[in-house]
Amino acid sequence: MSEWLTREEALGRLKVRPQTLYAYVSRGRIGMRPDQADPRRSQYRADDIAALATRRARGRSPQAIAESAIAWGEPAIATSISTIVHGRLVYRGEDAVTLSATATLEQTASLLWAADAGVSFGSKGPADGGEGGRAAAFTSLARLAAEGRPSLGRLPAMLYQDAAGAIGALAAALGAVAGRGAVHEGLARGWSVGGAGADLIRRALVLLADHELNASTFAARVAASTGAPVAACLIAGLATLSGPRHGGAGEAALNLVEDAERLGADSAVMRWLGHDRPLPGFGHPLYPEGDPRADALLADIEVDGGLAHLRDAVLAATGARPNIDFALAALTRNLRLPPDGPFRLFALGRSIGWTAHAVEQVTSNGLIRPRARYDGPMKL
C-alpha cells in the first residue's frame, strides 16, 4: 500500500514552497487525495515525492527548467502586485478576502496601482445603446487601442489615466449605466439589482481584481513589454480571458449545474468525468485546501438546491471543493444576472490587475521574448 504524506512532510522532503508542490500536483507529477482523518486537508503520495526529489537532486538543464515554468511552474517574473501564500490571496501585502469585505473596485485599483490619489472610472452607460456584453467589450477596447498612445517612455500616472478611461469604457460595454457612485453600482443598475445584491457584485469584483501571473495577466504583460497602448494590453488580457479554460469556466459551471438538474447531480458528475471533461467550478491547483475567494463570496449567497446538490456530489466523487467560478455561477443564478454574468464580472474585475501588471512591465523596461525548443524537421 502506498504511503501518504502530509503537506508539511512533502514540503520538507522536496525542500520547495507550497506553490511549487501544488504545481507538481496540477501537472500530475504527485498524487494527491483528501486526508481521511480531516477532509479539509490533503495528503501526497510518498513514492512520487521520493522520485521527484531524486530527479531534482540530479539537476535539470536550463531548457527543461524554462519549459516547466511555462505551465504552473515557479514564477518567472518578479512582481510586487499580488501573490498566493499559505492558501491566501494577497494584494500588495493585504489579504484580498479581508479587503473585499468593505473595499470598492476603485479603492482596490488605488491599492494595486499604488496610486497617490483616488481612482474613478466614470462609466457612460451601455455601449452603442445596447445591453452590453462580450462583443461590445472587445469593440470598445479595440477603438481605444487603435487611437491610443504607445506606453513606453510615459510616466505611470499617465498610463493609469489612460487605463481609468479604458476601464470606464469597458464597464459601460459590459452593462454598467451612468450615475454617481462606484462602478459596481452602475453594473447593479444596469442589471436591475439592488440592495444586498449590489454589494455582492462589489465583493466579487474586488476578489477578481488580480491573481498573480495567470494566463490573461501574462498576456497583458507581454503586450505591455512591446510598448503597446494600455487599451491594447487590456485587449490582450480580455482575449485570453475569453477562453473556456479561463474566464469561460463560470459559464461552463452553469452548464454543469443545468446537466445536474436534468440528469441528477451524481449522474451528471459521472458523465462529465466519464467523457474526460474537467468539472468547471471545482478545485484549484493553487488552493488545494479550498479557494478562499469562493468561501468569501458564497458566505453571503443563498446557494440554490441545484448548486448545493452538485457541490455535494462533486465533493463525494472527487474531493474537490468549489472555486471562484462556482461562486460566480451561484451569484449569477441568485441575482438573475445575464447568462454571461461570470465572464462580465471577471473581465471588469481583472482589468484592474491587468493594468497594474502592464504598468509594472512597462516601467521595468524589459521585453518578454522566450525562445522555442524546436523539435521539427531540419532540411539544411
### Message
I'd like to compare 182-194, 14-26: which one has the highest average count of other Cβ atoms within 10 Å, and what's the full order after that?
### Response
182-194, 14-26
### Query
Short version: what are the Cα gyration tensor semi-axes of segment 142-188, square root of 5 times each eigenvalue, largest first, in whole Å?
24, 13, 6
### Query
Over the C-alpha atoms of the chain, what are the Rg and the largest Cα-to-Cα span, Dmax, in Å?
21.4, 69
### Query
Per residue, what accessible area does the chain have, given a 1.4 Å probe and all protein chains present, in Å²?
47 Å²
### Message
Could you order the peptides 95-104, 318-327 from most to least packed, using the average number of other C-beta atoms within 10 Å per residue?
### Response
318-327, 95-104
### Query
When ranked by the protection proxy of mean other Cβ atoms within 10 Å per residue, highest first, what sequence do the peptides 214-222, 264-272 form?
214-222, 264-272
### Task
Taking just the C-alpha trace of segment 173-253, give me its Rg and Dmax in Å.
14.7, 43
### Query
Hey, could you pull the Cα Rg and Dmax for segment 286-340, both in Å?
11.1, 31
### Message
Once you place label points 7 Å from the Cα toward the Cβ at Ser192 and Ala135, how far apart are they in nm?
### Response
2.2 nm
### Message
As an exercise, take the mean of 1/r over every pair of distinct alpha carbons in segment 207-292, invert it, and state the Kirkwood radius in angstroms.
### Response
14.9 Å
### Query
Expressed in whole Å with the largest first, what are the equivalent ellipsoid semi-axes of segment 270-380 derived from the C-alpha gyration tensor as the square root of 5 times each eigenvalue?
34, 23, 13
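The values are calculated or read from the model by the stated rules, or taken from the named source; none is laboratory data. Not measured: the values here are computed from a predicted model. We place every Cβ from the backbone using ideal geometry, glycine too, and count neighbours over all the protein chains shown. Only protein heavy atoms, including side chains, enter the accessible area calculation; ligands, DNA and RNA are left aside. Shrake-Rupley method; radii C 1.70, N 1.55, O 1.52, S 1.80 Å.
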